[in-house]
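In what follows, a single structure is set out as structure tokens and then discussed.
The values are calculated or read from the model by the stated rules, or taken from the named source; none is laboratory data. No experiment lies behind these values; they were computed from the predicted model shown. Here the Cβ is made from the backbone with ideal geometry for all residues, glycine too, and neighbour counts use every protein chain on show.
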């Protein structure tokens, strides 16, 4: 008797590598959705947050992928993400809420400096990620931090302004590139860091885009002598926490991860710093120290 052999069904984690290699982004998105549903139904809300947001990011970035994934999956994915956003104690919600609450008590310049200090801590990671073809824009963070710092005191040249605008646009376009979904770098004695790990907390590259865009609008308003200035955004303050990396590499409680504990201490220390009567030289020194920091260590 000859029986039909059953085709082996690969686990979702094993399917991802094949789908990424084939650049089947609709398949990747559906697989992330599947992983997210499994995690959420099992009560693992961190993993659910990780995978469902990855699925959403992919199908939201490309109309063809959007159509191929289908409304049923996307509607359920959006519904689940909405439910996760209502989880008060979830790290992904609690930390941004605390940052926003504290930012509301600051002046506009204080919020901008608070955010700039966080961006400075991404410089070294950005330089390493910039070696991945297609993500070179992340290697310009060092220059951008310096320009934005100095332009809070003196308006930049038109050439520098345009260069910053080009960088802002490139950051916005980053998460629509295949490298964003598949690129990774080695981390000594740890799991590789995936470019997609930037996706947590609303997308680091999107928060960078938002911060820089707000800064550009501020400079434009100042150059025109406008009385009403654009409001500073605080979302960038948590950008160096990188929770997706630690969730993906096995952390059960983000609050217990040494790197996250250290980054939270820096965030709240920076808050106390900007609340005080700081001067620009003190800010410059703090930025210089942060730009040398390897936040994954």
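Quick one: is residue 208 more than 29 Å from residue 136 (Cβ to Cβ) and either touching a helix residue (DSSP H, G or I) at 6+ places or on another chain (Cβ under 8 Å) or surrounded by 15 or more Cβ atoms within 10 Å (Cβ to Cβ) (or both)? In short, no. Cβ-Cβ contacts under 9 Å between residues 6 or more apart (or on different chains), taken from a first residue in segment 216-240 that is over 29 Å from residue 124 (Cα atoms) and in the same structural domain as residue 120 (by TED's automatic domain parsing) to a second residue that is at pLDDT 95 or above and assigned to a loop (DSSP other than H, G, I, E, B), are listed as 222/155; 223/155. For residue 24, the criteria (1) free of Cβ contacts under 8 Å to residues at least 24 places away in the same chain; (2) buried (at least 22 other Cβ atoms within 10 Å of the Cβ); (3) farther than 16 Å from residue 244 by Cβ hold in every case but one, which is (2). Here's a check for you: in segment 169-219, which residue that is part of a strand (DSSP E or B) and modelled with pLDDT of 95 or more is nearest to residue 59 (Cα to Cα)? In this case the residue turns out to be 194. When segment 252-267 is limited to residues that are farther than 15 Å from residue 93 by Cα and either out of contact with any helix residue (DSSP H, G or I) (no Cβ under 9 Å at 6 or more places or on another chain) or at pLDDT below 95 (or both), the one that is surrounded by the most Cβ atoms within 10 Å (Cβ to Cβ) turns out to be 262.
What do you reckon, is residue 274 farther than 16 Å from residue 118 by Cβ and touching a helix residue (DSSP H, G or I) at 6+ places or on another chain (Cβ under 8 Å)? Criteria not met by residue 274. Residues of segment 39-67 that are over 23 Å from the mean Cα position of the chain (by Cα), farther than 19 Å from residue 176 by Cβ and in a helix (DSSP H, G or I): 41 alone.
Scan segment 226-237 and tell me whether some residue there is part of a helix (DSSP H, G or I) and farther than 22 Å from residue 153 by Cβ. Checking segment 226-237: at least one residue is part of a helix (DSSP H, G or I) and farther than 22 Å from residue 153 by Cβ.
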